[in-house]
Every structure is written in C-alpha cells, then in structure tokens.
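S.K.: Please read through the structure below; I'll follow up with questions.
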Amino acid sequence: MSKISIGQEVEGYCGKCKKDTLHIITAIDDKKIEKVMCKVCMSYHKHKKSADSTVASLVKEKETPKKPAAKAKKRTRRDKWTRLLEGLNSNDTIQYEMDKDYELENAIHHKIFGIGVVKNIIDSRKIGVLFHDGEKILVQNLPPRP
C-alpha cells in the first residue's frame, strides 16, 4: 500500500449511499484510515473497505432482482373536471346568471368558460366553479341593476 495521507482519495463503501464510492481521507491513526468523507453524499463516517461489500452487494442483487416501480398517474384538473361531469346530461346544466343562487355540485353553463361544476361556496355572493381550464371565482346573488 502506498503512503496514505489526509486529503487523499480512496475507494470505500458508503452506508448512506449504499454503494462503493470515492472518499476523501479525513483522519488517520497508526497508518490506518479511520475516517473518510464520501464525495457523493458528503457524509463523514468510519472507513469501510470496498472489496467485501462489493461481493456481498453483487450476490444480494442476483438473489433478489428489483422490479421497476410503477409510476402513479398524476391527476390533472381536466381529469377531475371530466369525472365531475360523468353522468350529466346537457339538460342538467343551468345557464349561469349573476343574480341566481347556486348550490354545491350544480353544473352550470357559462357563455365564455363553458360547462363547469360548483365546487365551493365562498360566501353568499361568491362561488368557486371548476371549468375544463381551471377553477374560476364567479359572482352569485347579485342584485339586478336599476
């Protein structure tokens, strides 16, 4: 073995990374490497030689092959909007007018935004409606103009 010194690179097993990585020597005692810093995760730990862990990890990988994780489908506003409108007829929609009172889950037809569903009632004058392009806040119970 060549002369070892603090700051020198050495290969070893990192418990945090769970694999062999390059380390920087940070402490030496009696010409023996005591502590190292992993160059990948920057953690400090006792030096563990890589030869034994490499063989053990190779055997473990052969015994239990890992299955690729199934990707979960990310739900979008459009999916939520589609689910809310399932089972509705075009006759079930109410034409949106500012002076009307709306309840939760009412399907409304807005002349600009299209068909939407009332998702929340913010107060007596405001409702949150989910349209295909996102949620909008609309006015309700507005007194007619004189």
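S.K.: Would you tally the residues in the range 100-146 being touching a Ser or Thr at 6+ places or on another chain (Cβ under 9 Å), outside any strand (DSSP E or B) and within 15 Å of R83 (Cα to Cα)?
M.R.: 2
S.K.: In addition: Being in contact with a Gly (Cβ under 7 Å, 6 or more places away or on another chain) and among the hydrophobic types (A, V, I, L, M, F, W, C) is the filter; apply it to the range 1-30 and report the residue that is surrounded by the most Cβ atoms within 10 Å (Cβ to Cβ).
M.R.: I25
S.K.: So, in the range 30-46, exactly how many residues are within 18 Å of K3 (Cα to Cα) and modelled with pLDDT of 85 or more? Give the derivation first.
M.R.: First, the residues of the range 30-46 that are within 18 Å of K3 (Cα to Cα): 30-36.
With the extra rule that they be modelled with pLDDT of 85 or more, the set shrinks to 32-36.
Residues that pass the stated criteria total 5.
The values are calculated or read from the model by the stated rules, or taken from the named source; none is laboratory data. Because the structure is a prediction, the values reported are computed rather than measured. So basically every Cβ, Gly included, is an ideal-geometry build from the backbone, and we count neighbours across all protein chains shown.
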